[in-house]
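Student: Pasting a structure below so you can have a look.
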Amino acid sequence: MSFVPRAGPLGACCCRSPASERSQACATWARSPKPHNDRMDLLKPLIALLAIVNPIGVLPFFISFTQGFTPEQRLRTIRVSAFTAFLVVALSALAGLKIIEFFGISIASFQVGGGTLLLISALQMLNAQPAESKPGDVAEGNERAHAGASIAVVPLTIPLLTGPATISTMVIYAQHSRHWWQLAVLVGYGVVVGVATYLAFGAAVRIARLLGKTGIDVMTRLMGLILAALAVEIMAEGLTQLFPVLSAPMQR
């Protein structure tokens, strides 16, 4: 018995082979939005923060600045540095977005600028230097230490631990928050950074003896590589918002 296909209004055949149905189903699935990994998005700010702050990479500077300190002075320096690092992260997450809105800066532009800054910091870390440091920071720290001035805030915490790259990171990720608990998570990451700084500085001599200069340099370079990947991702997101044609499918 022969099968005669039924024609549609325009004479097209209405029957579909299993192969064509599978092809259409695959195309529909490819066009459908994929589930979003919120857990990974929540971890990205923490990964970026730990890579930028990298308290282990700052240990040689901390040991150099505090070598003439008494145990009480060293403990006070550690507490002030850890608390200041927390404040920079928390205030950037809560108020940074309002500040750039006040100046009329678009988030996409800030993402491109902040991503570029993160990439520069990452390249500096790949050379085994702290992400936020400048050549004169070490000399300034030694002068302040010899003069008896506090080095906990400047230059130890700002800019060696935190600085423009840290602030940019928190503002960029705060823009993605949609609920109050997401902002609370970002502030909580500030607590994590503060605790990590406190623990690393508290065990500075033991960590330096265990890892050595080579181990600290390797860890700093590894953090720099991770930060570079995150910086490129942030820049790409900002560029596709500024120039939507970059995200358009290529025509063959």
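The values are calculated or read from the model by the stated rules, or taken from the named source; none is laboratory data. Only a predicted model underlies this, so the values are computations on that prediction, with no experimental measurement involved. Neighbour counts run over all protein chains shown; Cβ positions are idealised from the backbone, glycine included. The accessibility values were calculated without ligands, DNA or RNA, using every heavy atom of the protein model including side chains. Shrake-Rupley method; radii C 1.70, N 1.55, O 1.52, S 1.80 Å.
Student: Among residues belonging to the range 61-89 that are assigned to a helix (DSSP H, G or I) and hydroxyl-bearing (S, T, Y), point out the one that is modelled with the lowest pLDDT. Show your work before the answer.
Tutor: First pass over the range 61-89, keeping only residues assigned to a helix (DSSP H, G or I): 61-65, 71-89.
Adding the requirement that they be hydroxyl-bearing (S, T, Y) leaves 64, 77, 81, 84.
Values: S64: 89, T77: 94, S81: 95, T84: 96.
Filtering first and then ranking leaves S64.
Student: Out of all the residues in the range 61-89, which are under 16 Å from E140 (Cβ atoms) and among the β-branched types (V, I, T)?
Tutor: T66, T77
Student: (1) open to solvent by less than 60 Å² (accessible area, probe 1.4 Å); (2) part of a loop (DSSP other than H, G, I, E, B); (3) under 30 Å from T240 (Cβ atoms): which one isn't true of A95, the others all being true?
Tutor: (2)
One line per residue, one yes/no per condition, for (1) assigned to a helix (DSSP H, G or I); (2) out of contact with any Gly (no Cβ under 6 Å at 6 or more places or on another chain); (3) crowded, with 16+ Cβ neighbours inside 10 Å:
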residue: T166; (1), (2), (3): yes, yes, yes
residue: V171; (1), (2), (3): yes, no, yes
residue: Y198; (1), (2), (3): yes, yes, yes
residue: T214; (1), (2), (3): yes, yes, no
residue: G224; (1), (2), (3): yes, yes, yes
residue: L227; (1), (2), (3): yes, yes, yes
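Student: Another one. L183 - would you say it is modelled with pLDDT under 95, assigned to a helix (DSSP H, G or I), touching a Lys or Arg at 6+ places or on another chain (Cβ under 7 Å) and among the aliphatic types (A, V, I, L, M)? Lay out the reasoning, then the answer.
Tutor: Working: modelled with pLDDT under 95: yes; assigned to a helix (DSSP H, G or I): yes; touching a Lys or Arg at 6+ places or on another chain (Cβ under 7 Å): no; among the aliphatic types (A, V, I, L, M): yes.
Spelling it out, it is not the case that L183 is modelled with pLDDT under 95, assigned to a helix (DSSP H, G or I), touching a Lys or Arg at 6+ places or on another chain (Cβ under 7 Å) and among the aliphatic types (A, V, I, L, M).
Student: Now for a different question. Identify, please: which residue in the range 240-252 is open to solvent by 60 Å² or more (accessible area, probe 1.4 Å) and among the hydrophobic types (A, V, I, L, M, F, W, C) and is, among those, farthest from I107 (Cα to Cα)?
Tutor: In the first step, residues of the range 240-252 are kept if they are open to solvent by 60 Å² or more (accessible area, probe 1.4 Å); the result is 241-247, 249-252.
Remaining after also requiring among the hydrophobic types (A, V, I, L, M, F, W, C): 242-243, 245-246, 250.
On the way: L242: 10, F243: 13, V245: 18, L246: 17, M250: 26 Å.
Of everything passing the filter in the range 240-252, M250 is farthest from I107 (Cα to Cα).
Student: For the range 71-86, does any single residue satisfy the condition of being under 17 Å from P45 (Cα atoms) and open to solvent by less than 80 Å² (accessible area, probe 1.4 Å)?
Tutor: Looking for residues that are under 17 Å from P45 (Cα atoms) and open to solvent by less than 80 Å² (accessible area, probe 1.4 Å), one finds at least one in the range 71-86, hence yes.
Student: Would you mind stating whether L97 is closer than 18 Å to E233 by Cβ, touching a helix residue (DSSP H, G or I) at 6+ places or on another chain (Cβ under 6 Å) and of a type in the set (A, V, I, L, M, F, W, C)?
Tutor: For L97, the condition - closer than 18 Å to E233 by Cβ, touching a helix residue (DSSP H, G or I) at 6+ places or on another chain (Cβ under 6 Å) and of a type in the set (A, V, I, L, M, F, W, C) - is not met.
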